Amino acid sequence: MRWARIWPEVAAELREARLALGLTQSQVASAIGTSRSRIGRIEQAKIRRASVEYLVRHGAVVGLRGSFKYYPVGGAIRDAAQARYIARFLERIGHAWQVKLEVPVPIPGDLRAADVLLTGVGWRIVVEVITRLRDLQAQIRAAQLKQRDIGADRLIIVIAGTHANRAAMASARSTLLATFELDTRRVLAALANGDDPGRDSFIALD
């Protein structure tokens, strides 16, 4: 299991942080409200079960702030609306590209996957489909990290052309133009011809 693989790394981080602060195991134990022997077993990864609450407290005592995040995994039940937009996008670009769905990030233990990977002559394009824009900058950053880690040349973000999504795009337009092509028709035309759109792009589909 993934936790069994990463637990020794967590334990090592806790130990190294304690040593960097010059704290003893007894001092850490006293601050947390546990025993010195338990701290020792945790630092040696001999204790395999610890609650998130405990790990947050332990980390705080040695100057670390923990985080927890879910990642989408290939094979999950896909949102029906998202599946429809993927189908619409693929219909619009025709058959100029080799298409793969749910392409995993090629990093051992990494559970992320790109929605679509387009492969053409000399180009690989990651396509992420977002049906609802919630935190635009965070969603863009997550998509860019997938593009980077998959090693694709381009990123295309397909959004549902809802009123709310278009309003969010309009409010961020000046910022987005520095990085993204926002002309849906031009990008789709380039892709339908099997061409590189020239820039990372946003596409809004009704």
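The values are calculated or read from the model by the stated rules, or taken from the named source; none is laboratory data. Every value quoted in this text rests on a predicted model; they were computed, and no experiment measured them. Ideal geometry is used to build each Cβ from the backbone, glycine not excepted, and the neighbour counts take in all protein chains shown.
I'd like to know if the stretch 60-81 contains one or more residues that are touching a helix residue (DSSP H, G or I) at 6+ places or on another chain (Cβ under 7 Å), modelled with pLDDT of 90 or more and outside any loop (DSSP other than H, G, I, E, B).
Yes - at least one qualifying residue is present in the stretch 60-81.
Of everything in the stretch 122-149, what is touching a strand residue (DSSP E or B) at 6+ places or on another chain (Cβ under 6 Å), hydrophobic (A, V, I, L, M, F, W, C) and not in a strand (DSSP E or B)? Give them in sequence order.
The one that is touching a strand residue (DSSP E or B) at 6+ places or on another chain (Cβ under 6 Å), hydrophobic (A, V, I, L, M, F, W, C) and not in a strand (DSSP E or B): Ala143.
Just name the residue that is surrounded by the fewest Cβ atoms within 10 Å (Cβ to Cβ) out of those in the stretch 98-116 that are outside any loop (DSSP other than H, G, I, E, B) and β-branched (Val, Ile, Thr). Working first, answer last.
Step one: of the stretch 98-116, the residues outside any loop (DSSP other than H, G, I, E, B) are 98-104, 113-116.
Next, only the ones that are β-branched (Val, Ile, Thr) stay: 99, 103, 116.
Working: Val99: 16, Val103: 21, Val116: 21.
Out of the qualifying residues, it is Val99.
Taking the stretch 1-56 as the search range and keeping residues that are under 27 Å from Asp110 (Cβ atoms) and among the β-branched types (Val, Ile, Thr), which one is surrounded by the fewest Cβ atoms within 10 Å (Cβ to Cβ)?
Val52
Looking at Thr119, Thr162, can you tell me which residue is of a type outside the set (Gly, Ala, Ser), surrounded by fewer than 18 Cβ atoms within 10 Å (Cβ to Cβ) and in contact with a strand residue (DSSP E or B) (Cβ under 7 Å, 6 or more places away or on another chain)? If you could, list the steps in order and put the result at the bottom.
Working: Thr162 fails: in contact with a strand residue (DSSP E or B) (Cβ under 7 Å, 6 or more places away or on another chain).
That would be Thr119, the only listed residue that is of a type outside the set (Gly, Ala, Ser), surrounded by fewer than 18 Cβ atoms within 10 Å (Cβ to Cβ) and in contact with a strand residue (DSSP E or B) (Cβ under 7 Å, 6 or more places away or on another chain).
Which residues, counting only those in the stretch 33-59, are assigned to a loop (DSSP other than H, G, I, E, B) and closer than 12 Å to Ala12 by Cα?
Residues satisfying the conditions are Gln44, Ala45, Lys46.
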